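Novice: Here it is, the structure in full.
The values are calculated or read from the model by the stated rules, or taken from the named source; none is laboratory data. Everything quoted here is computed from the prediction, not taken from an experiment. Here Cβ is always computed from backbone atoms with ideal geometry, including for glycine, and neighbour counts include all displayed protein chains.
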Amino acid sequence: MYRLGVAAVWLYRLTWGALFPTTCKYHPSCSQYAVDAVRAKGLVRGSALAGWRLLRCNPWSRGGFDPVR
Amino acid sequence: MEPRRLRPRPVILFSPITPLEHAMRHVLNGLHSVGLPWAWSIVGLTVIVRMILVPLTVKQIHSMQNLQRFAPQMKEIQKKYKSDRQKQNEELMKFYRENNINPAASCLPMLLQLPVFISLYYALRHFSKHPPKGDLSFLHFIPSIADHTTTHWGGFVLLVVYVASQMASTLYMSATIDKTQRILFMVMPLVFVFVIARFPAGLVLYWVTTNLWTVGQGLITRRLMPKTPPPSLLQKRTSRTPPQQPARQEEAAAPPRPQTDGARPAAQPRKVRRKKQKRSGRR
């Protein structure tokens with residue numbers, strides 16, 4: 001099931017991500033975080049975690065090293 | 001039981017994209033009713049979107065310049081952990097935290113454009129099925145912004161402009177100092193052009209406009225703000241602080257820095273250095 005999520009991330013990387021030459025302020029990047037999260041916690045919880053991470057990835061946050069726990 | 005089974009299955013009437021598409025058509029209609037042709041409504045839409053994003057990008061540019069201050073140390077870290085990328089990134093992030101650096105990039109500006117892009121795609125698809133009243137052409141070389149980009153030679157011109165603008169905007173906005181990554185981002189549009197060729201010409205038009213906006217923004221901020229002001233000036237700068245005039249004069253008065261001068265200029269991206277020299281030469 002988690003493959004679905006990973007595939008979605010790759011789809012994003014090949015399309016939308018390719019349009020934007022910016023890198024994420026976090027490490028791992030938001031998309032890698034999403035892959036890790038879906039792998040570790042499953043599709044539902046992983047997606048929720050990734051969504052929360054995307055919201056944190058804004059200009060008012062600190063950024064930095066932030067792996068899936 | 002029988003009639004129930006015969007009843008047609010409920011069709012999915014609601015998709016998250018439908019309201020977006022409707023909203024997009026309203027916006028385009030609004031811009032069109034003001035007097036803009038359809039193609040220019042898309043340009044207008046892009047300008048509006050980017051104007052909304054200006055506070056974000058200004059912040060991004062500021063932090064990017066702040067980042068350049070630490071370029072030498074960061075280069076050192078990169079050299080130290082050359083073989084281990086994972087470790088390298090972790091160390092860099094630690095360095096960011098220790099020095100209170102807020103890395104430039106964030107996912108927000110590009111995420112905010114995603115719904116715009118998708119809804120524009122659907123709105124244009126609707127246009128190609130039910131053409132609205134009015135002229136769908138753009139600057140005489142694209143017959144219809146709702147058609148696939150490659151249906152007319154004008155579309156190929158637009159694609160070339162797209163690639164050029166994408167590369168230019170990469171030069172101005174890419175937040176990374178990693179060389180291979182920069183090259184990758186320069187090559188990306190060449191690959192992406194095959195995907196984008198299947199899109200309606202109006203979408204490519206959106207993208208070209210947003211890229212040109214990025215380039216313009218980069219040019220303006222470079223004019224208004226010194227590239228690497230002395231750290232003392234950088235300490236308390238916010239987005240509302242006016243550009244520092246003295247730093248600029250100092251920069252202009254200084255002779256072009258020799259290429260072999262210490263770690264600092266060498267650590268800056270090559271492009272920037274060339275630019276600075278050109279500038280001081282002109283004055």
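Novice: Quick check on my filter: what residues within region B:197-206 are surrounded by 21 or more Cβ atoms within 10 Å (Cβ to Cβ) and without any contact (Cβ under 8 Å) to a residue 60 or more places away in the chain?
Specialist: The answer is B:VAL204, and nothing else.
Novice: So B:THR150 passes all but one of these: (1) under 14 Å from B:TYR206 (Cα atoms); (2) hydroxyl-bearing (Ser, Thr, Tyr); (3) free of Cβ contacts under 8 Å to residues at least 60 places away in the same chain. Which condition number does it fail?
Specialist: All conditions pass for B:THR150, except number (1).
Novice: Residues in region B:107-125: is at least one farther than 16 Å from B:TYR206 by Cβ, buried (at least 17 other Cβ atoms within 10 Å of the Cβ) and in contact (Cβ under 8 Å) with a residue 12 or more places away in the chain?
Specialist: The answer is yes, given that some residue of region B:107-125 is farther than 16 Å from B:TYR206 by Cβ, buried (at least 17 other Cβ atoms within 10 Å of the Cβ) and in contact (Cβ under 8 Å) with a residue 12 or more places away in the chain.
Novice: Could you please find all residues in region B:119-136 being farther than 22 Å from B:PRO19 by Cα and touching a Gly at 6+ places or on another chain (Cβ under 9 Å)?
Specialist: B:LEU136 - this is the single residue of region B:119-136 that is farther than 22 Å from B:PRO19 by Cα and touching a Gly at 6+ places or on another chain (Cβ under 9 Å).
Novice: Being modelled with pLDDT under 80 and either over 24 Å from B:LYS59 (Cβ atoms) or in a helix (DSSP H, G or I) (or both), is that true of even one residue in region A:31-51? Full working, then the answer.
Specialist: Let us first name the residues in region A:31-51 that are modelled with pLDDT under 80, namely none.
No.
Novice: If you check B:SER41 against the conditions, is it within 17 Å of B:HIS126 (Cα to Cα), touching a His at 6+ places or on another chain (Cβ under 9 Å) and either more than 14 Å from chain A (Cβ to nearest Cβ) or part of a helix (DSSP H, G or I) (or both)? First the steps, then the outcome.
Specialist: Numbers: within 17 Å of B:HIS126 (Cα to Cα): yes; touching a His at 6+ places or on another chain (Cβ under 9 Å): yes; either more than 14 Å from chain A (Cβ to nearest Cβ) or part of a helix (DSSP H, G or I) (or both): yes.
Yes, satisfied.
Novice: (1) more than 10 Å from chain A (Cβ to nearest Cβ); (2) over 26 Å from the mean Cα position of the chain (by Cα): which one isn't true of B:ASN66, the others all being true?
Specialist: Going through (1) more than 10 Å from chain A (Cβ to nearest Cβ); (2) over 26 Å from the mean Cα position of the chain (by Cα) one by one, B:ASN66 breaks only (2).
Novice: Looking only at region B:69-98, filter to residues that are hydroxyl-bearing (Ser, Thr, Tyr) and more than 24 Å from the chain's Cα centre (by Cα); which one of those is farthest from the other protein chains (Cβ to nearest Cβ)?
Specialist: If we filter region B:69-98 for residues that are hydroxyl-bearing (Ser, Thr, Tyr), which is where we start, we get B:81, B:83, B:96.
Still in the list and also more than 24 Å from the chain's Cα centre (by Cα): B:81, B:83.
Numbers: B:TYR81: 13, B:SER83: 17 Å.
Top of the filtered list is B:SER83.
Novice: Does B:GLY216 fit the bill of being at pLDDT 85 or above and in contact with a strand residue (DSSP E or B) (Cβ under 9 Å, 6 or more places away or on another chain)? Spell out how you get there, then give the answer.
Specialist: Values: at pLDDT 85 or above: yes; in contact with a strand residue (DSSP E or B) (Cβ under 9 Å, 6 or more places away or on another chain): no.
Spelling it out, it is not the case that B:GLY216 is at pLDDT 85 or above and in contact with a strand residue (DSSP E or B) (Cβ under 9 Å, 6 or more places away or on another chain).
Novice: Show the residue pairs that are 6+ apart or on different chains and have beta-carbon atoms under 7 Å apart, the first residue being within region B:75-97 and over 16 Å from A:ASP66 (Cβ atoms), the second being among the basic types (Lys, Arg).
Specialist: B:TYR81/B:LYS87
Novice: For region B:52-90, give me the residue count where each residue is within 17 Å of A:PRO28 (Cα to Cα) and out of contact with any strand residue (DSSP E or B) (no Cβ under 6 Å at 6 or more places or on another chain).
Specialist: Counting residues in region B:52-90 that are within 17 Å of A:PRO28 (Cα to Cα) and out of contact with any strand residue (DSSP E or B) (no Cβ under 6 Å at 6 or more places or on another chain) gives 7.
Novice: Ok, one more. What is the residue count in region B:54-69 for residues that are without any contact (Cβ under 8 Å) to a residue 60 or more places away in the chain and surrounded by 19 or more Cβ atoms within 10 Å (Cβ to Cβ)?
Specialist: The qualifying residues number 1.
Novice: When region A:52-65 is examined, which residues are found to be assigned to a loop (DSSP other than H, G, I, E, B) and either at the interface with another protein chain (Cβ under 8 Å from one of its Cβ atoms) or of a type in the set (Lys, Arg) (or both)? Spell out the reasoning first.
Specialist: In the first step, residues of region A:52-65 are kept if they are assigned to a loop (DSSP other than H, G, I, E, B); the result is A:57-63.
Within region A:52-65, A:CYS57, A:ASN58, A:PRO59, A:SER61, A:ARG62, A:GLY63 qualify.
Novice: Can you find even one residue in region B:226-234 that is farther than 30 Å from B:ARG125 by Cα and at pLDDT 55 or above? Full working, then the answer.
Specialist: In the first step, residues of region B:226-234 are kept if they are farther than 30 Å from B:ARG125 by Cα; the result is B:226-234.
With at pLDDT 55 or above added as a condition, the list becomes B:226.
There is at least one residue in region B:226-234 that is farther than 30 Å from B:ARG125 by Cα and at pLDDT 55 or above.
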